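Shown next, in structure tokens, is the structure this report addresses.
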Amino acid sequence: MKLSACVDMMFSYCDFYERFAEVKNCGIDTIEFWKWTNKDIDKVIKSGMDVSVFNIDSKDEQLSYDLSRGILNDGRVDDFLKALSESIPVYKKLGAKAMIVLIGEHKEYCEENVLKCLLAAKPVVKKENVTLIIEPLNNIDRVGYSMPYAAPVFELLKKAGSPNIKMLYDIYHQNMMGDFDIDEVKENIDLIGHFHIADAPGRHEPGTGKVDYVSILKEISKTSYNGYIGLEYRATKKDGETLGFLKEAGLLV
């Protein structure tokens, strides 16, 4: 397994582009971020850092905002494909590994609409050799989020039937929902394309809440998973001082 740090959330005491060096100084050579439209992509490339994931986005400001809330649950196929076509060149330029896709808010989950969007994107992501990762969010922090639980996502991905469309399993969000199950994770590991971690409650570094990340990461390391563990938390101290759990889990020297 590999590590990446979300530079939109971590090292927030530094200028955005100075955060890359802070990540590197911690022994991590990969970053991730949210929107690409508000980033200087050339600066990201010149930093020499690898990029694991970022959010699908659009230069259309309204669509960009809507994507940050999620449009799949509304069945907005054309808008989804538009954003995908805008994001793919950025994905390739960065050599990224996946793009994050959100489902939607304030409506009951509509599998038909979401599946319609994913099936429309399926031939595109296959042809372009890119990976989409669908992320459940807890509906406590994101009130009204349409898909806060993991099981429906796994079922959706099985129906979509594409190796290029997987799940972003955020252990923080699933713990907030009381939904985290390591056995479920193991059983569906081939459907998971990325992990995010933060302690719950609080979304701070592991060790500040109730989640036993050392044990969880050791269990994941026993599976076939060889993707990234994304650090996405708001540290209560200097971020570089919060990584002891990774060393204990054998993921960082």
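Just so you know, all these numbers are worked out from the coordinates, no wet-lab data involved. Since we're looking at a predicted model, the values are computed, not measured. Positions of Cβ are backbone-derived with ideal geometry, glycine not excepted, and every protein chain shown enters the neighbour counts.
Some notes on this structure:
- Mean ellipticity per residue at 222 nm, deg cm²/dmol - from DSSP H runs of n ≥ 4 across the chain, formula -39500 (n - 2.57): -11000 deg cm²/dmol
- The chain, relative contact order in percent, only Cα pairs under 8 angstrom and at least six apart counted: 19 percent
- Applying a DSSP loop filter and a limit of 13 other Cβ atoms within 10 Å to the chymotrypsin sites (Phe, Trp or Tyr not before Pro) in the range 1-56 leaves TYR13.
- Sites listed here are trypsin sites (Lys or Arg not before Pro) in the range 1-90 whose DSSP assignment is loop and whose Cβ has at most 12 other Cβ atoms within 10 Å: LYS59.
- From the C-alpha gyration tensor of the chain, square roots of 5λ in Å: 26, 22, 17
- Using the Karplus relation 6.51 cos²θ - 1.76 cosθ + 1.60 with θ = phi - 60°, the per-residue 3J(HN,Hα) values for the range 36-50 come to 9, 6, 9, 10, 8, 4, 5, 5, 4, 5, 5, 5, x, 7, 6 Hz, with x marking Gly and Pro.
- For the chain, the share of DSSP beta bridges that are antiparallel, to the nearest 5, is 5%.
- Across the range 98-105, computed HN-Hα scalar couplings (Karplus, 6.51 cos²θ - 1.76 cosθ + 1.60, θ = phi - 60°) run 6, 10, 7, 10, 9, 7, x, 10 Hz from first to last residue, x flagging Gly and Pro.
- Test item: Cα-centred dipole of the range 9-140, Lys/Arg +1 and Asp/Glu -1 on Cβ, debye: 460 debye
- In sequence order, the range 15-30 has phi-based couplings of 4, 3, 6, 7, 5, 4, 5, 5, 4, 4, 5, 8, x, 10, 10, 10 Hz under the Karplus curve 6.51 cos²θ - 1.76 cosθ + 1.60, θ = phi - 60°, and Gly or Pro positions carry x.
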